[in-house]
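Here is the structure we will look at.
The values are calculated or read from the model by the stated rules, or taken from the named source; none is laboratory data. Keep in mind that what you see is a predicted model, and the values were worked out from it rather than measured. Heads up: the accessible areas ignore ligands, DNA and RNA and are worked out on the full protein's heavy atoms, side chains in. Shrake-Rupley method; radii C 1.70, N 1.55, O 1.52, S 1.80 Å.
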Amino acid sequence: MADLLRQGAIPDRTPTSFWQATGLLVVTPYHDERFGSEPTEAPSSDEPIRMAYLHPLLAALKLPIDLNNVGLLRQGPAGTIHAISQGSHWMSQRGLERLIVIAADSYCDPLTLDWLMSARRIKTPEVPCGLMPGEAGACLLLETATSARRRNPPMCFPVLGAAVREEPCHFFSRKPNVGAMLAASLAEALGGTARREPFTGSIVSDLNGENWRATEWGYARVRLARSISDALHVMMPATSLGDTGTSSAMVSVCVAAMALRRGYARAEQILVVSSSERGHVGALRLSMKR
């Protein structure tokens, strides 16, 4: 958050008018068996998460944000793209100009390591196709075009497309995932399947060594053979950081922004894709052009 305040040219806590027009959306993991709860079809209460995580976070940030403009989004890794996809609607409903989105997670704590090991998801000599646990915290500032033009921050990347779907054949369903919903979200983020030219730039992917992600991505690529070039440049943060759980898509967005800013993206547009174990998937397209 300190990096965001500095790099985003965000003022300190003094100007109340700025913070009155700013909301906060916190992306969290699913509240399921990872934390000792049984997964259910009906959403459980947010109150335990608010008490254990959100309230201490707000106390640590010390930002004068109205509590009515603070929300939780429990969708795992893909929650970041969902927040961006729904950000304009969320802000307009509350009369806001900007929205801070935060995600933090760790796959390195003992409780989560036990959960991953019991599901045979960690890479070991016995499980060669598995993930390497990582941890990260990341955040971004989403704002209206009017606010961005007025503030003119040093780093500013238009969102050209963002789409989310829910895949019924997710990891825990034990059903074959043929990438239908991931392909649909990618197609929407790219502006539809009737593109004149295939996308040839870079994509930041959440591939982490697990078979189910690779299979889903492979099927999605086949479905979008005419929309995405075979020469696509794939960037995988998990190669360096390990799987950072719920924060992985937020990390990918930050990697994409830096790739555009520093010039190692293959084009002036870049894609970000994310899949959550319980079926939420999303795709995002950022641009260098203002």
*Could you state the principal axis extents of the C-alpha atoms in region 29-172, from the largest down, to the nearest angstrom?*
56, 32, 30
*For the chain, what is the per residue volume of the convex hull drawn over the alpha-carbon atoms, in cubic angstrom?*
136
*asked:* Keeping every protein chain present and rolling a 1.4 Å probe, give me the accessible area per residue for region 202-290 in Å².
replied: 40
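Rolling a 1.4 Å sphere over the protein heavy atoms, what is the accessible area per residue of region 75-196, to the nearest Å²?
Details: 5880 Å² over 122 residues.
Normalised by residue count, the accessible surface of region 75-196 is 48 Å².
Please tell me the relative contact order of the chain in percent, rounded to the nearest whole number, where contacts are Cα pairs under 8 Å and at least six residues apart. Display every interim value, and only then the final one.
Details: 567 pairs, mean separation 69.1, N = 290.
With pairs under 8 Å counted, the relative contact order is 24 percent.
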*Determine the calculated [θ] at 222 nm for the chain from helices alone, applying -39500 (n - 2.57) to every DSSP H run no shorter than 4 residues and normalising by the residue count; nearest 500 deg cm²/dmol.*
-8500 deg cm²/dmol
*Compute the Rg to Rh ratio over region 164-290 from the alpha carbon atoms, using the Kirkwood formula for Rh, and round to two decimal places.*
0.94
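On average, how much area does the Cα convex hull of region 219-286 cover when viewed from any direction, in nm²? Spell out each step's value before the answer.
Numbers: hull surface 20.6 nm².
Directional mean of the projected Cα hull area for region 219-286 stands at 5.1 nm².
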*Of the heavy-atom accessible surface of the chain (probe 1.4 angstrom), what whole percent is carbon and sulfur?*
54
